[in-house]
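Please read the structure below before turning to the comments.
Since every read-out is calculated from the coordinates, none of them should be taken as a lab result. For clarity, every value in this text was computed on a predicted model and none was experimentally measured. So basically every Cβ, Gly included, is an ideal-geometry build from the backbone, and we count neighbours across all protein chains shown.
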Amino acid sequence: MTLFRLDASIRTHDSASREIADIIEEEWLAARPGDTVASRHIGVETLPATAWAAAVTGGMTPEPDRTAEQREAVALAAALVDELIAADAVLFGVPLYNYGVSQHFKTYIDLVCADPRAAGERFLGGKPVVLATVRGGAYGPGTPREGWDHSTPYLRRIIADHWGADLTVVEREFTLVGVNPALDSFKDQAAQMQAGALESAHRAGRALGALPSPV
Ligand SMILES: Cc1cc2nc3c(=O)[nH]c(=O)nc-3n(C[C@H](O)[C@H](O)[C@H](O)COP(=O)(O)O)c2cc1C
């Protein structure tokens, strides 16, 4: 069976989203030694920002009339959807940037949606997907920035409601505590949040690992 893992952090080291995703991947491999993990790190090996428009206009253009750029973009969108369809489970690691969706992950979503197979509703048909998402600050009820996380609700809408995945979200907040001295008074709270998120990651990874193999 195949787990498809995609990371959107712009970091390769000290990444909180990758820490969560690593645990989930390790639990998958512990339950299924030798199974495949296919991966993309779009925060580092970025998808071209111009590909989406070329894929959309290419999709509206008869194949023989497409430009080379349109052909390449249509093929890229198809390859991204192939990865999702081929996977038995999917793991996305996506930080909050500038109160919104990581631009790299938005480019990914738009490209996936440009492929005709993903244009309709619920093309993932109940496939298990874990979203590991992290935020430097805190956005819970009563906090000054309550309602400012414009990433997580959108990602839930797209992955669960539009693509039709069986979505589990593992979240961690206050990852900037210990980095930004202004947040030093939240050290205990942040440590609890981290411990809770890592425990949730183990649980989500074990649940993926327990998926029945196809007959
Ligand atoms: C350019 C940039 C913008 C960020 N914007 C926000 C933000 O709007 N809100 C927030 O809570 N954290 C923000 N952060 C903090 C990240 O969400 C936090 O560092 C997170 O842990 C990054 O994910 P990673 O640890 O997997 O790399 C930002 C970080 C960077 C580098």
- For the stretch 24-48, name all the residues that are in contact with a helix residue (DSSP H, G or I) (Cβ under 6 Å, 6 or more places away or on another chain) and farther than 20 Å from V130 by Cα. T46, L47
- Query: Any chance the stretch 145-159 includes a residue that's among the β-branched types (V, I, T) and assigned to a loop (DSSP other than H, G, I, E, B)?
  - Reply: no
- Reported set for the stretch 12-28 where residues are surrounded by fewer than 16 Cβ atoms within 10 Å (Cβ to Cβ), free of Cβ contacts under 8 Å to residues at least 40 places away in the same chain and either among the aromatic types (F, W, Y) or closer than 19 Å to V170 by Cα (or both) is D14
- Failed criterion for S185 (all others in (1) within 24 Å of E27 (Cβ to Cβ); (2) part of a helix (DSSP H, G or I); (3) out of contact with any Ser or Thr (no Cβ under 6 Å at 6 or more places or on another chain) hold): (1)
